[in-house]
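Following: one structure in structure tokens, then a few remarks.
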Amino acid sequence: MPWAALSGLLIGHRLSTRIQESVVTGLGLVTAVVGIGNAGRTGNIIIPLISLVSGVIIGELLDLDGALSRLGGWLQRRFAPSEGTPSAEETGVAEANTAAASPVAPAASP
């Protein structure tokens, strides 16, 4: 789905904050539905639960969120075309990427 990421980069900053938040919430909902569907297919809810908990613990111990944020900042500095261009924070790109990677991000965001 590279076209979705490309379209988000091209038009994301033109959308209002309300629309951006709704899109992120929708992505979280779809991720949750897919996760629940996959959990149902295993026939044993304990396996996905243990996988989720261990993934969260490992991610927190390795500070994956911080590492991805640092990578995003570096990429932004490296490829920023000029001064005055909206930053990733201003366009919501960082939040959208975090939300896409984490199905609980929309519920946990301030």
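When we screen ILE47, ILE36, ILE57 for residues that are open to solvent by 60 Å² or more (accessible area, probe 1.4 Å), at pLDDT 85 or above and at negative phi, the only hit is ILE57. Taking segment 24-33 as the range and being over 20 Å from ALA5 (Cβ atoms) and open to solvent by 70 Å² or more (accessible area, probe 1.4 Å) as the test, only VAL33 passes. Could you tell me whether any residue of segment 65-81 is of a type in the set (Gly, Ala, Ser), at pLDDT below 85 and surrounded by 11 or more Cβ atoms within 10 Å (Cβ to Cβ)? Yes, because at least one residue in segment 65-81 is of a type in the set (Gly, Ala, Ser), at pLDDT below 85 and surrounded by 11 or more Cβ atoms within 10 Å (Cβ to Cβ).
Against the condition charged (D, E, K, R), open to solvent by 100 Å² or more (accessible area, probe 1.4 Å), part of a helix (DSSP H, G or I) and modelled with pLDDT of 90 or more, how does GLU21 come out, does it pass? It is false that GLU21 is charged (D, E, K, R), open to solvent by 100 Å² or more (accessible area, probe 1.4 Å), part of a helix (DSSP H, G or I) and modelled with pLDDT of 90 or more.
The values are calculated or read from the model by the stated rules, or taken from the named source; none is laboratory data. In this text, all values refer to a predicted model and were calculated from it rather than measured experimentally. Don't worry about glycine lacking a Cβ; one is built from the backbone with ideal geometry, like all the others, and counts go over all protein chains shown. Protein only, heavy atoms only, side chains kept; ligands, DNA and RNA dropped before computing areas. Shrake-Rupley method; radii C 1.70, N 1.55, O 1.52, S 1.80 Å.
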